[in-house]
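Following: one structure in structure tokens, then a few remarks.
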Amino acid sequence: MSGAAAARTICLNVNGEERSATAEPRVTLVDFLRHGLRLTGTHVGCEQGVCGACTVLIDGFAVRGCLMLAVQAEGRQVQTIESLGTVEAPHALQRAFLKHHALQCGYCTPGMLLSLAQFLHDVPDPTEQEVREAISGNLCRCTGYHNIVKAALDAAAELRGAREEN
Ligand code: FES
Ligand code: FES
């Protein structure tokens, strides 16, 4: 008897669009996004829920894409880094990361940005300590976190200003 379940069509709402591809039910969400849908902005690191490189938002909450199966995301709203901003119109966090040199190799950056996007939505005026706690599940081997925290606080101030104008 074969251990592999038959591949099936998996349909997900990703970044506001209905997307589908064929994959076995055992395929993780991050592998499905990268290989099935060719959304390669989401990275894969430890594959065991430790590093946070695979972070995506599901219904607005940051989750580890390596710990969830693609089939478990059916019917949910998935948001990947591809939706956060564009080169022409970057998100406030992306602008702040550039301004404060908050990335080096960039491997952790997509997951870090999505974790921070959810956090600043929930906590618009955080302390430095709160930012550090918010990104404690996103490991960065390069930066020492200092500039990431500065960038997050800067983006928070910009986002608060934009909310007050609206
Ligand atoms: S690849 Fe998912 S937490 Fe590291
Ligand atoms: S910038 Fe290299 S792991 Fe964070």
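Just so you know, all these numbers are worked out from the coordinates, no wet-lab data involved. Quick caveat, the model's predicted, so the values are computed rather than measured. Note: ideal-geometry Cβ built from the backbone for every residue, glycine included; neighbour counts use all protein chains shown.
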Per the rule of 0.36 nm per residue minus the C-alpha distance, extending Arg160 to Gln48 adds in nm 36.8 nm
Going residue by residue through the range 75-92, the Karplus relation 6.51 cos²θ - 1.76 cosθ + 1.60 with θ = phi - 60° gives ³J(HN,Hα) values, rounded to whole Hz and with x marking Gly or Pro, of x, 10, 8, 9, 10, 10, 4, 4, 9, 6, x, 10, 4, 6, 9, x, 5, 3
Virtual spin-label span in nm between Glu88 and Ser136, 7 Å along Cα→Cβ:
4.2 nm
Please find the FRET efficiency linking Arg95 to Ala6, where r is the Cβ-Cβ separation and R0 is fixed at 35 Å, and quote it to the nearest 0.05.
0.15
Could you pull out which residues in the range 1-43 have an amide N less than 17 Å from a spot 7 Å beyond the Cα of Asp59, following the Cα-Cβ vector?
12-16
At 7 Å along Cα-to-Cβ for each site, give me the label-to-label distance between Thr22 and Glu128 in nm.
5.5 nm
Between the range 11-81 and the range 98-142, what's the alpha-carbon centroid distance in Å?
19 Å
Quick one: plug the Kirkwood hydrodynamic radius of the range 51-166 (C-alpha pairs) into Stokes-Einstein at 37 °C, 0.692 mPa s, and report D in µm²/s.
228 µm²/s
Neighbour-count ranking for His121, His100 (other C-beta within 10 angstrom, fewest to most) reads His121, His100
